[in-house]
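Colleague: Sharing a structure here in structure tokens format.
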There are 2 protein chains.
Amino acid sequence: MPVPMELSRIILNEVNDQQFIFLKEIDGDRSFPIVIGPYEAYSIERRIKGDLPQRPMTHDLIINVIEGLGGELHDLLISELKDHTFYARLRVRRDGELIEIDARPSDAIAVAVRCEPKLPIFVNEDVLNDVLREQ
Amino acid sequence: MPVPMELSRIILNEVNDQQFIFLKEIDGDRSFPIVIGPYEAYSIERRIKGDLPQRPMTHDLIINVIEGLGGELHDLLISELKDHTFYARLRVRRDGELIEIDARPSDAIAVAVRCEPKLPIFVNEDVLNDVLREQ
């Protein structure tokens with residue numbers, strides 16, 4: 001079962017290129033970090049701080065493409081954990097069909113924080129169990 | 001009239017965040033630079049060097065979204081130059097319709113270099129005249 005979670009924390013690290021975002025269970029206390037790249041981390045952080053750029057940044061363009069092609073973002077699912085890499089899917093509704101698009105969690109979350117209302121974030125129970133076992 | 005052009009050069013600058021890409025006329029000698037950000041510049045450079053990442057990078061995700069929603073990239077047009085800022089449009093065909101998506105040239109070109117065969121790049125004649133007059 002997919003577990004509803006939310007972005008709870010971003011830790012920006014200026015010493016190296018590994019940045020951390022934390023997802024936390026909405027109806028519980030489970031939480032885990034995902035290591036992401038600096039560009040994606042700043043893209044998330046800037047938007048959370050309310051920084052609205054004059055021109056579409058790369059993750060804004062993703063939303064413009066989805067809307068331009070008649071799609072509507074439905075949710076994002078972190079579906080798998082393989083070899084310490086998380087796999088995500090942006091799920092987009094179009095013409096009554098739910099289309100799943102393979103993405104890195106960092107990009108998917110940078111897209112999610114740009115949605116109004118907030119895009120629901122789900123993490124598969126298996127993924128949550130695996131990552132908590134590894135901690 | 002839109003003028004067919006191609007990416008002719010990238011200059012990566014490690015001293016500051018301004019990177020340069022150059023577009024050159026295909027049937028002529030006119031050429032001009034566009035200042036872009038480091039993330040977009042590296043995204044273009046990596047792909048030109050043939051670096052294929054294991055997971056979709058942000059500009060790969062844009063292509064996956066377009067394809068997932070049944071669109072087909074048609075070309076990219078640099079349509080305007082306003083206050084020293086270039087404006088571009090990714091043009092995507094879907095269901096026989098040509099959809100124009102507002103983008104920064106840097107993102108549009110990072111998408112273009114990922115297309116096989118190459119995505120045609122056009123620059124409006126007015127833009128070319130303006131930028132060459134300013135040089």
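Colleague: Give me, ordered by chain and number, the residues 5 or more places off B:M5 or on other chains with an amide H under 5 Å from its own placed amide H.
Modeller: Sorted by chain and number, the residues that satisfy this are B:I26, B:I121, B:F122, B:V123.
Colleague: Label-to-label distances across copies for B:D130, with labels 7 Å out along Cα→Cβ, in nm, shortest first?
Modeller: Spelled out, the distances from B:D130's label point are 5.1 nm.
Colleague: Moving to a separate point now. Put a label point 7 Å from Cα along the Cβ direction on B:Q18, then list its distances to the equivalent points in the other copies in nm, shortest first.
Modeller: In ascending order, 3.6 nm.
Colleague: Something else now. Let me know the mean shielding of A:17-29 by other chains, meaning the per-residue number of their Cβ atoms within 10 Å of its Cβ.
Modeller: Values: counts 0, 0, 0, 0, 0, 0, 0, 0, 0, 0, 0, 0, 0.
Counting Cβ atoms of other protein chains within 10 Å of each residue's Cβ and averaging gives 0.
Colleague: Compute, for the protein assembly as shown, the length of the dipole vector about the Cα centre, with Cβ point charges of +1 (Lys, Arg) and -1 (Asp, Glu) only. Units Debye, rounded to 20. Don't jump to the answer; show the numbers that get you there.
Modeller: Values: 32 positive and 50 negative charges, 52 e Å.
That gives a dipole near 240 debye.
Colleague: Which ³J(HN,Hα) values, rounded to whole Hz and listed in residue order, are derived for region A:36-45 from phi using the Karplus coefficients 6.51, -1.76 and 1.60 in 6.51 cos²θ - 1.76 cosθ + 1.60 with θ = phi - 60°, glycine and proline given as x?
Modeller: After applying 6.51 cos²θ - 1.76 cosθ + 1.60, I find 10, x, x, 5, 5, 5, 5, 4, 5, 4 Hz.
Colleague: Let me know the volume per residue of the alpha-carbon convex hull for the protein assembly as shown, in Å³.
Modeller: Details: hull volume 39.0 nm³, N = 270.
Per residue, the Cα convex hull of the protein assembly as shown comes to 144 Å³.
Colleague: For B:D29, place a label point 7 Å from Cα along the Cα-to-Cβ direction in every copy; what are the distances to the other copies, in nm, shortest first?
Modeller: Spacings between copies for this position, smallest first, are 7.4 nm.
Colleague: Under 19 Å between alpha carbons, and skipping anything fewer than 8 positions from A:K49 in its own chain: which aspartates and glutamates qualify?
Modeller: A:E6, A:E14, A:E40, A:D60, A:D107, A:E116
Colleague: In whole Hz, what ³J(HN,Hα) sequence does region B:118-125 give by Karplus (6.51, -1.76, 1.60; θ = phi - 60°), x for Gly and Pro?
Modeller: Each residue of region B:118-125 in turn: 3, 6, x, 10, 10, 10, 4, 3 Hz.
Colleague: Let's see if you can work this out: charge +1 on each Lys and Arg Cβ, -1 on each Asp and Glu Cβ, no other charges. What is the dipole magnitude of region A:2-134 about its Cα centre, in debye to the nearest 20?
Modeller: Working: 16 positive and 25 negative charges, 75 e Å.
So the magnitude is around 360 debye.
Colleague: Springs between alpha-carbon atoms under 10 Å, Gaussian network over chain B: tell me which of B:S106, B:S43, B:S31 tops the mean-square fluctuations.
Modeller: Greatest mean-square fluctuation among the candidates belongs to B:S31.
Colleague: Quick one: among A:V15, A:V92, A:V65, which has the greatest mean-square fluctuation in a GNM of chain A with alpha-carbon springs under 10 angstrom?
Modeller: Result: A:V15 has the largest fluctuation of those listed.
Colleague: Let me ask something else about it. How large is the convex hull of the C-alpha atoms of chain A per residue, in Å³?
Modeller: 118
Colleague: Only loop residues by DSSP count here, and only those with at most 12 other Cβ atoms within 10 Å; note down the GluC sites (Glu not before Pro) in region B:1-81 that meet that. Each step should come with its number before you reach the end.
Modeller: Details: sites: B:E6, B:E14, B:E25, B:E40, B:E45, B:E67, B:E72, B:E80; in loops: B:E14.
In loop regions of region B:1-81 (DSSP not H, G, I, E or B), the sparsely surrounded GluC sites (Glu not before Pro) are B:E14.
Colleague: Once you average over the residues of A:91-104, how many Cβ atoms of partner chains fall within 10 Å of each Cβ? Spell out each step's value before the answer.
Modeller: On the way: counts 0, 3, 0, 3, 2, 0, 2, 0, 4, 1, 8, 6, 7, 7.
Counting Cβ atoms of other protein chains within 10 Å of each residue's Cβ and averaging gives 3.
Only the coordinates and a few stated rules stand behind these numbers; no lab work does. Small disclaimer: the values here were computed from a predicted structure and weren't measured. Counting neighbours? That spans all protein chains shown, and the Cβs are built from the backbone with ideal geometry, glycine included.
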